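The values are calculated or read from the model by the stated rules, or taken from the named source; none is laboratory data. Because the structure is a prediction, the values reported are computed rather than measured. Neighbour counts run over all protein chains shown; Cβ positions are idealised from the backbone, glycine included.
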Amino acid sequence: MNIKADKPLICLIIGLSIVISGCASTPGANTGSRPESTFVTSSNAATEESIRRSEAMYQILVGEFIGRSGDYKSAADHYATASTLVNDLEVAEHAAKVALYARDYDAAERAVNRWVTLDPGNSEAAELSAVVALNKGDVNKAFTMLSNMIDNNPKDQAYQTVEKVIYSGQQVESQLSLARMIRLKYIDSVIAQRIYARLAFRNSLYPQALAATEKALSLDPSDERTLRLQSQILLAAGQSDVALDKMRSMITQSPDDVELRLEYARMLVQAKEYERALSEYNLIMQQRSDDASVIYTAAILEYELGNEQNAIVHFTKLSKTESHANEANYYLGRLFEDEADQAIDYFGAVNGGEYYLESQVRVADLLARMGKREEARAHLSRIRNSQNNDALKVRLYMAETRLLREQERYQDALVVFDEALGKYPQNIDLLYARAMTGQQAGDLSILERDLNKIIAQEPDNAMALNALGYTLADQTDRYEEAFELIEKALSLSPEDPAILDSMGWVLYRLGDLPGAEKYLSRAFTKMNDAEVAGHLAQVLIEMGNQGQARETLRKALIDDPENTVLLELQKKIDQN
């Protein structure tokens with residue numbers, strides 16, 4: 001539905017056939033009413049019609065001026081006023097479309113009513129009138145107008161208009177109500193049932209959507225569009241086996257329908273049936289060997305399934321296309337990361353798109369892995385300085401500090417953080433990362449300072465509250481202060497295993513072993529983590545529950561067999 005008014009202003013002015021002289025001033029953006037001296041006409045010569053036309057032209061000029069400043073709502077009001085002053089179809093149409101574009105439905109109603117009055121049989125005016133009624137909440141009026149369209153026009157054309165009008169609505173309940181009314185009046189129309197089903201599906205109303213498709217299929221069991229829609233609804237509703245069986249039956253009946261097979265393949269991907277999806281994409285590629293989007297999906301599936309050679313073949317082909325070259329080079333870089341020089345070439349060939357930044361970070365990682373640490377930092381700095389986007393610059397600062405922390409160059413990392421926070425002093429990610437780096441560097445004052453800055457900005461930041469509380473409990477004797485911080489974090493995220501662990505650990509520090517065991521057990525149930533296991537085992541040992549402590553350590557050591565803390569605790573149990 002094209003509701004944007006695109007008719008040049010000059011056409012409207014010429015259409016009014018006004019001859020103006022003596023324009024004393026140009027109306028401003030905030031003009032409420034025109035000055036008396038704006039239009040001057042010969043005395044005794046001005047008729048009522050010419051006055052109205054002059055006023056209409058003035059309203060259009062003001063509307064155009066205001067509209068150019070971006071105030072479309074005020075502009076729409078001026079255009080709508082102009083439409084009521086003259087019997088001009090073009091003015092009424094333009095006013096209606098401008099008001100709809102501005103979503104000023106009061107002005108749109110005035111203009112479109114004028115348009116309908118001037119041209120009662122105009123189908124576009126009737127359509128926009130229904131749009132206005134729907135968006136003003138007058139569903140019954142919209143329903144009446146759409147019913148008239150269905151009753152008096154070719155059905156396919158009318159239902160296309162009905163669907164456009166419904167989807168123009170800004171309120172879901174009004175959309176659904178209108179679609180439901182159409183469905184019930186035209187109960188024997190497959191299209192009416194399908195329109196409602198599609199809208200209900202879009203709003204996750206799966207039972208209602210399925211009921212509408214069942215009714216449509218009772219009217220025409222072979223209607224493929226409804227069968228496909230029903231399969232999509234079933235898949236979204238969690239009935240993937242039934243959905244895929246229905247699609248497979250249609251494929252059996254129409255094995256050469258590539259679009260149908262493509263939809264089936266996409267549904268298989270959605271259902272995480274990757275091997276079956278890949279089989280379908282391979283069949284599709286036999287008919288669409290140069291379709292880059294099909295090849296790309298097949299390449300991703302090969303990559304995810306670990307079929308590296310097949311993935312390389314597909315991505316190499318895609319690297320020569322305009323549409324998917326960046327994505328292909330990124331994945332080729334990932335596939336060749338064991339051959340650093342070649343991977344760097346591939347990542348370096350990514351010159352835009354969603355993988356650009358990650359590719360540059362991976363170039364730096366590979367350079368660092370090759371021992372070219374300063375070259376890696378220089379690369380990130382060069383990319384960062386070429387960016388205009390602050391969010392991307394922050395991510396590149398974070399990448400550089402990560403490289404330094406991995407090399408245990410914490411002081412160097414802190415210098416970079418200081419530079420970054422000098423430019424972005426309120427950035428939460430930078431503050432949190434610097435806090436953790438300060439802890440790694442052995443300077444708890446940095447951690448406490450930066451986490452308190454975050455909490456000052458975001459008092460309900462559970463991650464910062466927990467990090468500060470846990471550190472105070474683990475590395476100081478400020479247990480009561482730590483408890484208050486962790487308690488607040490837990491109230492914000494009561495099921496977070498990291499916060500449950502912190503609460504257990506601070507209770508242990510406070511001497512409440514039963515309370516500590518309760519929280520640590522919950523944390524370990526949710527997250528089999530070595531640190532959590534170590535905390536729980538320590539508490540269990542002190543409670544005299546050696547058997548449960550041993551079992552806790554056994555589970556944790558399966559995933560982290562070299563963890564020195566866990567091994568020391570196990571040795572402690574064995575010695576007792």
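For this structure, a couple of remarks:
- Some residue of the range 550-567 being without any contact (Cβ under 8 Å) to a residue 24 or more places away in the chain, within 28 Å of L444 (Cα to Cα), assigned to a helix (DSSP H, G or I) and of a type outside the set (A, V, I, L, M): yes
- Residues (under 34 Å from the mean Cα position of the chain (by Cα) and of a type in the set (F, W, Y)) located in the range 65-100: Y72
- Leading residue by the ranking (nearest to I486 (Cα to Cα)) among those in the range 419-439 that are polar (S, T, N, Q) and surrounded by 14 or more Cβ atoms within 10 Å (Cβ to Cβ): Q439
- Of all residues in the range 152-184 being assigned to a helix (DSSP H, G or I) and of a type in the set (G, A, S), the one that is nearest to N122 (Cα to Cα): A158
- Qualifying residue in the range 188-201 (condition: surrounded by fewer than 18 Cβ atoms within 10 Å (Cβ to Cβ) and either in a helix (DSSP H, G or I) or among the basic types (K, R) (or both)): no
- Residues located in the range 528-549, provided they are of a type in the set (D, E, K, R) and outside any helix (DSSP H, G or I): D529
- In the range 413-495, counting only helices (runs of 4 or more DSSP H) that sit wholly within it, the ones holding 3 or more residues that are at negative phi and acidic (D, E) span 479-492.
- Residues within the range 94-107 that are part of a helix (DSSP H, G or I) and surrounded by fewer than 24 Cβ atoms within 10 Å (Cβ to Cβ), tallied: 3
Each row is one residue, and each column tells you yes or no for (1) free of Cβ contacts under 8 Å to residues at least 60 places away in the same chain; (2) within 24 Å of Y159 (Cβ to Cβ); (3) part of a helix (DSSP H, G or I).
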| position | (1), (2), (3) |
| --- | --- |
| E214 | yes, yes, yes |
| S218 | yes, yes, yes |
| T226 | yes, yes, yes |
| M247 | yes, no, yes |
| M250 | yes, yes, yes |
| D256 | yes, no, no |
| E263 | yes, yes, yes |
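- Every residue from the range 96-122 that is of a type in the set (A, V, I, L, M, F, W, C) and either in contact with a Pro (Cβ under 8 Å, 6 or more places away or on another chain) or free of Cβ contacts under 8 Å to residues at least 24 places away in the same chain (or both): A99, V112, V116
- Verdict on S123 being closer than 30 Å to V162 by Cβ and modelled with pLDDT of 85 or more: yes
- Condition met for L510 (modelled with pLDDT of 95 or more and crowded, with 17+ Cβ neighbours inside 10 Å): no
- Filter pass, A456 being modelled with pLDDT of 95 or more, exposed (fewer than 15 other Cβ atoms within 10 Å of the Cβ) and not assigned by TED's automatic domain parsing to the domain that holds K555: yes
- Residue check for V91: in a helix (DSSP H, G or I) and closer than 21 Å to I166 by Cβ: no
- Which numbered condition N87 fails, given (1) in contact (Cβ under 8 Å) with a residue 24 or more places away in the chain; (2) surrounded by 16 or more Cβ atoms within 10 Å (Cβ to Cβ): (2)
- Just one of (1) among the hydroxyl-bearing types (S, T, Y); (2) out of contact with any Gly (no Cβ under 7 Å at 6 or more places or on another chain); (3) in contact (Cβ under 8 Å) with a residue 12 or more places away in the chain fails for S174. It is (2).
- Enumeration of residues in the range 473-485 that are touching a Leu at 6+ places or on another chain (Cβ under 7 Å) and buried (at least 21 other Cβ atoms within 10 Å of the Cβ): A482, L485
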